[in-house]
Amino acid sequence: MLVHPQFDPVAITLGPVSIRWYGLMYLVAFVAGLLLGRLRLRMRPDLGWTTRQLDDLLFYCVLGVVVGGRLGYVLFYKFSEYLHDPIRILYVWEGGMSFHGGFLGVIFAMWWFGRNHGRGWFEVTDFLAPLVPLGLCAGRIGNFINAELWGRPTDVPWGMIFPSVDEQPRPRHPSQLYEAALEGVLLFVILWVFARKPRPTGAVSALFLIGYGSLRFLVEYTREPDNFLGLLALGLSMGQWLSLPMIFGGVVMLIWAYWPRRATAA
């Protein structure tokens, strides 16, 4: 049976300033997006993007992830708690980020970028989608380092004991690593290969929604539900309920993208 290494969440201490591993994972995600974006520019010059536009887009998206992720966590998970003490919304060092909130924040950021740069909505989303999964992978590794968002109890041979979670040793799914592998690496490979060739406008974005939503929905069966929420209707977690609209929206978009007489390669 495996035991979580109990990493120190602080990576570097410089005087009174502590830099945490989770914060560094956000930096890794940004750098990965930047490098992959520039590689995508070289592979697909027909898309007509410039490095300046790429840099601006990623800056907008970083703001969207941070602001949207925090507000999403507040609204989706602990609204009543923060309603009684709103100033704590700013206490980001206490943790608390939501992927789905960050996703909505990025949607707004992409709309704002497209509006300011004369780019169509799906031009922006199709370009950005293949750059996202490795950033998600970095975030889940950050969760694993922090020993947070752990999995449900299990008896599989690779079950992991999280000493900071259970007083009595209790093997759990290392669900953070499942998410890093599936929503991160696997989804990246699928989208990167799919987006190497021209596709109908909106198709790459649709595949991202279907891929992430489906993989997240499945992994949630191994992830311990938030103790302040538990399982919701039909025995599904909040993460699963938030993933269902992504899957449905992605399917509708994919049908729309490949609809006869309107599909145009992008």
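The values are calculated or read from the model by the stated rules, or taken from the named source; none is laboratory data. Just so you know, these numbers come straight off a predicted model, no measurement behind them. With ideal geometry, Cβ positions are generated from the backbone for all residues, glycine too; neighbour counts draw on all protein chains shown.
Of all the residues that make up region 59-83, how many are at pLDDT below 80, of a type in the set (G, A, S) and crowded, with 20+ Cβ neighbours inside 10 Å?
Summing the residues that are at pLDDT below 80, of a type in the set (G, A, S) and crowded, with 20+ Cβ neighbours inside 10 Å in region 59-83 gives 1.
If you go through region 107-118, how many residues are in contact (Cβ under 8 Å) with a residue 24 or more places away in the chain and either crowded, with 23+ Cβ neighbours inside 10 Å or among the charged types (D, E, K, R) (or both)?
2
Report every pair of residues separated by at least 6 positions or lying on different chains whose Cβ atoms are under 7 Å apart, first residue within region 158-180 and within 12 Å of N143 (Cβ to Cβ) and free of Cβ contacts under 8 Å to residues at least 12 places away in the same chain, second of a type outside the set (G, A, S) and surrounded by fewer than 19 Cβ atoms within 10 Å (Cβ to Cβ).
Sorted first by the residue in region 158-180, then by its partner, the list stays empty.
Taking only region 23-40 into account, find how many residues are buried (at least 17 other Cβ atoms within 10 Å of the Cβ) and either touching a Ser or Thr at 6+ places or on another chain (Cβ under 7 Å) or more than 15 Å from V62 (Cα to Cα) (or both).
Selection size over region 23-40: 2.
Suppose the filter is closer than 23 Å to R44 by Cα and among the aromatic types (F, W, Y); does F217 pass it? Before the answer, list the steps.
Details: closer than 23 Å to R44 by Cα: no; among the aromatic types (F, W, Y): yes.
When the stated conditions are applied, F217 does not pass them.
Would you confirm whether any residue within region 189-201 is over 15 Å from the mean Cα position of the chain (by Cα), buried (at least 21 other Cβ atoms within 10 Å of the Cβ) and of a type in the set (A, V, I, L, M)?
yes
Give W121, W158 a once-over and let me know the one that is among the hydrophobic types (A, V, I, L, M, F, W, C), surrounded by fewer than 21 Cβ atoms within 10 Å (Cβ to Cβ), modelled with pLDDT under 95 and out of contact with any strand residue (DSSP E or B) (no Cβ under 8 Å at 6 or more places or on another chain).
Details: W158 fails: out of contact with any strand residue (DSSP E or B) (no Cβ under 8 Å at 6 or more places or on another chain).
That would be W121, the only listed residue that is among the hydrophobic types (A, V, I, L, M, F, W, C), surrounded by fewer than 21 Cβ atoms within 10 Å (Cβ to Cβ), modelled with pLDDT under 95 and out of contact with any strand residue (DSSP E or B) (no Cβ under 8 Å at 6 or more places or on another chain).
For G105, are the conditions met, namely being in a helix (DSSP H, G or I), at pLDDT 85 or above and not charged (D, E, K, R)?
Working: in a helix (DSSP H, G or I): yes; at pLDDT 85 or above: yes; not charged (D, E, K, R): yes.
For G105, the condition - in a helix (DSSP H, G or I), at pLDDT 85 or above and not charged (D, E, K, R) - is met.
What helices (runs of 4 or more DSSP H), lying completely within region 135-245, carry at least 1 residues that are among the hydroxyl-bearing types (S, T, Y)? Spell out the reasoning first.
Numbers: elements: 175-179, 187-194, 203-219.
Fully inside region 135-245 and qualifying: 175-179, 203-219.
For region 24-41, check the following and say yes or no: at least one residue is among the β-branched types (V, I, T), more than 22 Å from W112 (Cβ to Cβ) and in contact with a helix residue (DSSP H, G or I) (Cβ under 8 Å, 6 or more places away or on another chain).
So in region 24-41, the residues among the β-branched types (V, I, T) come out as 28, 31.
Among the residues that remain, those that are also more than 22 Å from W112 (Cβ to Cβ) are: 28, 31.
Now drop any that are not in contact with a helix residue (DSSP H, G or I) (Cβ under 8 Å, 6 or more places away or on another chain), which leaves 28.
Yes, region 24-41 has at least one match.
Go through region 41-73 and give me each residue that's touching a Ser or Thr at 6+ places or on another chain (Cβ under 9 Å) and in contact (Cβ under 8 Å) with a residue 24 or more places away in the chain. Lay out the reasoning, then the answer.
Taking region 41-73 and keeping what is touching a Ser or Thr at 6+ places or on another chain (Cβ under 9 Å), we get 41, 68-73.
Once the filter is applied, which keeps residues that are touching a Ser or Thr at 6+ places or on another chain (Cβ under 9 Å) and in contact (Cβ under 8 Å) with a residue 24 or more places away in the chain, region 41-73 yields G68, G69, R70, L71, G72, Y73.
Of everything in region 240-250 that's at pLDDT 90 or above and not aromatic (F, W, Y), which residue is farthest from F122 (Cα to Cα)? Reasoning before the result, please.
Here is the first cut: in region 240-250, the residues at pLDDT 90 or above are 240-241, 243-250.
Narrowing further to those that are not aromatic (F, W, Y): 240, 243-247, 249-250.
On the way: Q240: 25, S243: 20, L244: 21, P245: 18, M246: 16, I247: 17, G249: 14, G250: 13 Å.
Once the filter is applied, the top-ranked residue is Q240.
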